[in-house]
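Contents: one structure, followed by commentary.
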């Protein structure tokens, strides 16, 4: 797989193909599998994402601890604010839906991880709610998201325990922004700017889940991660460029992650997890899980 | 090597790719080491696995793996009840297996017994569902479940690798990687052979028939 987006974009431009095609060709070579087989696996993932969104929007899910659940449904049927009727609201409710399914031990696609699994389907399927895209275009979008995630995995990290939430929902925002930019007709270079614009907005984000559970704030970090991704797509499509290349933004994320205190890396030792309310809720809920 | 399908995947039961999906994969490897569901198991959780495992369903996921369930199997949710119903004797302990960074925060030591088979493995969940088994029966190894894998202990005799390669080649199984480790010179060698195709049962039988092979098992590909 490509080590940098720079290399991938240069390759795609030289060949006159999309980043998805460039990534799928390299993946086929690396794994010794035909492209069609990889596309099929991505289509299966897409269908699992659709299933999770559908399940999550019904709103009758509760996590093991009872800390989260039922909020996607509020965005679906509840009172509307300034985002009434927009794709933005569709994206937010889907990102939350998938994370609620995840917290309830339902079936999701870890993309890149389970903790950040709401962002990509939130953005891609939220866009689909307002505009029809072919399965082929959606699979292409997932391939490009996979490429971006693979570059982040090699250059920085995709683990909250290693790099904080910037490595999970932050990386997911970069993946979703790039994938959606391509889906909406953006060039490979615009995809690169979308990744940089999304990830610059999540640098430094800590991983501080209450009781160490992938619940709070994770469900809402996915929603805000999706919001950042959507903003980055809008900017990149409008022609805004970000002066620091995506690869260097990703490297920065890795560097910040390595310097981040252990309290902010999925240990529940700092951040929201260590607030008086965070500690109280975690204690109550963990006792409840043990009893169950 | 990072794969697109590692990033857009795995399809899994939530809530955590490291604490649920990765934990399940580690359980599956222990399951394969005794070629089936162990009757007895000791599961020693270290670090973050010990601290936050219950809330992530790490206990259910490891037990599910021991029962042969894969990370996308919805029965993982009920694995502890299934374990009790089947009368399996599994115990959990929280422990400290060493210091970071030598020992990964999501590490587990699993001791499994099934009939006459008995093995101990040490493995870690690295994030995004990726795992690494670093020790089996005291031998340093590297098994990540990204390939079908043959593990074996054999006497350290000359030409052993050529014989094994011959058997695999006849069975049309291509070797991706082969690693050898031993505790001391002339002592038994532990071999980890990652292969591209799933070796049929008769490959195991042919390997077991070699007089200097003490034991060998096939570990199924669990992702990647």
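See the values below:
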read-out: Base-10 log of normalised Debye intensity for segment A:184-292 (one unit scatterer per alpha-carbon) at q = 0.12, 0.17, 0.21 Å⁻¹; value: -0.54, -0.84, -1.04
read-out: Kirkwood Rh, angstrom, segment A:5-291 [1 / mean 1/r, Cα pairs]; value: 18.8
read-out: Relative exposure of B:19, B:148, judged by other C-beta atoms within 10 Å (fewest first); value: B:148, B:19
read-out: Residue-averaged [θ]222 nm for chain A, counting only DSSP H segments that reach four residues, each worth -39500 (n - 2.57); value: -20500 deg cm²/dmol
read-out: Length-normalised contact order for chain A - Cα pairs under 8 Å, 6+ apart - percent; value: 20
read-out: Cα-based convex hull, segment B:148-219, per residue volume (Å³, whole number); value: 74
read-out: Distance from segment A:223-292 to segment B:28-48 (C-alpha centre basis), Å; value: 33
read-out: 5 Å-binned pair-distance histogram of chain B (Cα, whole percent); value: 1, 7, 15, 19, 20, 16, 11, 7, 3, 1, 0
read-out: Ratio Rg/Rh [Cα only; Rh per Kirkwood] for segment A:14-132; value: 1.07
read-out: Stokes-Einstein diffusion coefficient of the protein assembly as shown, Kirkwood radius over Cα pairs, 25 °C, 0.890 mPa s, in µm²/s; value: 105
read-out: Euclidean distance of C-alpha centroids, segment A:103-139 and segment B:156-224, integer Å; value: 41
read-out: Calculated SAXS-style log₁₀ I(q)/I(0) at q = 0.12, 0.22 Å⁻¹ - segment B:91-195, Debye, Cα scatterers; value: -0.50, -1.28
read-out: DSSP bridge orientation in segment B:9-137 - percent antiparallel, rounded to nearest 5; value: 75
read-out: 25 Å tail of the calculated P(r), segment B:9-137, as % of Cα pairs; value: 13
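Bear in mind that the values in this text are calculations on the coordinates, not laboratory data. Being a predicted model, the structure only gives us computed values, none of them experimental. Positions of Cβ are generated from backbone atoms using ideal geometry, with glycine treated the same way; all protein chains shown enter the neighbour counts.
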